[in-house]
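To start, the structure under review is shown below, and the notes come after it.
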Amino acid sequence: MAGTDFHLQSPQTAGAAGPLAGVHLLITRPVMPASRTAARVAALGATPYVFPTTIIEPPADGAPLAAALADLPNCYAAIFVSPSAAEMTLAPLGAAPRKLPPGLHVYAPGPGTAEELAARGVEAVEIPESSFDSEGLLALPSLQTAAVNGKRIVIFRGDDGRELLREALTARGATVSAVTAYHRRAPNTPPTGLLELLRGGQLNAISAMSSDAISHLVPLVPAADRPARLFNLPVLASHPRIAATARAAGFHQVIETAAGDAGLIATLLQRADSELSHH
């Protein structure tokens, strides 16, 4: 699926009666998770518009990923840093949980990635108990020095992932491989549908679940359109770093949510009767 073109959920599933009726939400996630988010908010009455501002592609060289998968029986742990990391790493294996070695610790930084792993047959996933990010993972007892010293750990991530996990686990004595499972890029097709929505005043909220979602979105909109048509829309950001990116980009109203679809929907439900109601 190309994922670069604007797409509106079909009228049969969008904008029905429900607690989110009147919410017209731009979903900026990559196309596969965006479709699930769209279906969930549409079931509650929202009108979702899917415009992936980050395109996910396989790595140019798939050999390191294949080698890392073959080496999993020798590893203590595998860490999937995002839903896209889970999707792009495990898609070639199919959904059978037996494809991952028994006894392998599998980690995700939050519920969205854990959900993607579960959809591919991996259900015994450990997630942080505190913040849903690398810092939260590093606080888990099973990733402390006593547990990982001398062990092999593989991190499946994008081609420009943070180095915190690799560096911290290496400092704790683990042998850590950071493997590129996917490449991220901005869309390269004209954002015609997006601009029509903005200029028509059809949106009243933006969902952002990565900093890339914001940094790729803003350049798609001509500078003359940004102050009145883009930056005045509320951004629902699923992490403080994403919220900071949105504020730095120029958005005036940035609302931090809990992680994943559940966090987005909880915030939408709290605010749907007020500032997110469609005018």
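The values are calculated or read from the model by the stated rules, or taken from the named source; none is laboratory data. These figures come from a predicted structure and were not determined experimentally. All Cβ positions, glycine included, derive from the backbone under ideal geometry; neighbour counts span all protein chains shown. For accessibility, only protein heavy atoms count, side chains too; no ligands or nucleic acids. Shrake-Rupley method; radii C 1.70, N 1.55, O 1.52, S 1.80 Å.
General observations
- Of the residues screened, Thr175 is one that is more than 19 Å from the chain's Cα centre (by Cα) and within 22 Å of Ala86 (Cα to Cα).
- All positions within segment 105-150 that are surrounded by fewer than 17 Cβ atoms within 10 Å (Cβ to Cβ) and part of a loop (DSSP other than H, G, I, E, B): Gly121, Glu123, Ala124, Glu129, Ser130, Ser131, Ala139, Leu140, Gln144, Asn149, Gly150
- Subset of segment 79-93 that is modelled with pLDDT under 90 and open to solvent by 40 Å² or more (accessible area, probe 1.4 Å) - its residue that is nearest to Ser211 (Cα to Cα): Ala91
- Look at segment 111-137: where a residue is in contact (Cβ under 8 Å) with a residue 24 or more places away in the chain and of a type in the set (S, T, N, Q) and a partner is in a loop (DSSP other than H, G, I, E, B) and surrounded by fewer than 17 Cβ atoms within 10 Å (Cβ to Cβ), sitting 6+ places away or on another chain with Cβ atoms under 8 Å, you get Ser134/Arg162.
- Single condition Tyr76 does not satisfy, out of (1) open to solvent by less than 10 Å² (accessible area, probe 1.4 Å); (2) touching a strand residue (DSSP E or B) at 6+ places or on another chain (Cβ under 8 Å): (1)
- Condition check for Ala262: at pLDDT 90 or above, touching a helix residue (DSSP H, G or I) at 6+ places or on another chain (Cβ under 9 Å) and surrounded by fewer than 22 Cβ atoms within 10 Å (Cβ to Cβ): no
- Within segment 27-54, tally of residues that are free of Cβ contacts under 8 Å to residues at least 60 places away in the same chain, open to solvent by less than 10 Å² (accessible area, probe 1.4 Å) and assigned to a loop (DSSP other than H, G, I, E, B): 1
- Failed criterion for Ile206 (all others in (1) in a helix (DSSP H, G or I); (2) open to solvent by less than 50 Å² (accessible area, probe 1.4 Å) hold): (1)
- Boolean, Val23 is modelled with pLDDT of 90 or more and open to solvent by less than 10 Å² (accessible area, probe 1.4 Å): yes
- Check on Glu167, more than 27 Å from Val50 (Cβ to Cβ) and in a loop (DSSP other than H, G, I, E, B): no
- Consider segment 163-185 and keep the residues that are of a type in the set (A, V, I, L, M) and surrounded by fewer than 15 Cβ atoms within 10 Å (Cβ to Cβ). The one that is farthest from Pro141 (Cα to Cα) is Leu164.
- Every test in (1) open to solvent by 70 Å² or more (accessible area, probe 1.4 Å); (2) more than 21 Å from Thr89 (Cβ to Cβ); (3) among the small types (Gly, Ala, Ser) is passed by Gly200 save one, and that test is (1).
- Within segment 215-231, restricting attention to residues that are within 23 Å of the chain's Cα centre (by Cα) and without any contact (Cβ under 8 Å) to a residue 60 or more places away in the chain, the residue that is surrounded by the fewest Cβ atoms within 10 Å (Cβ to Cβ) is Pro219.
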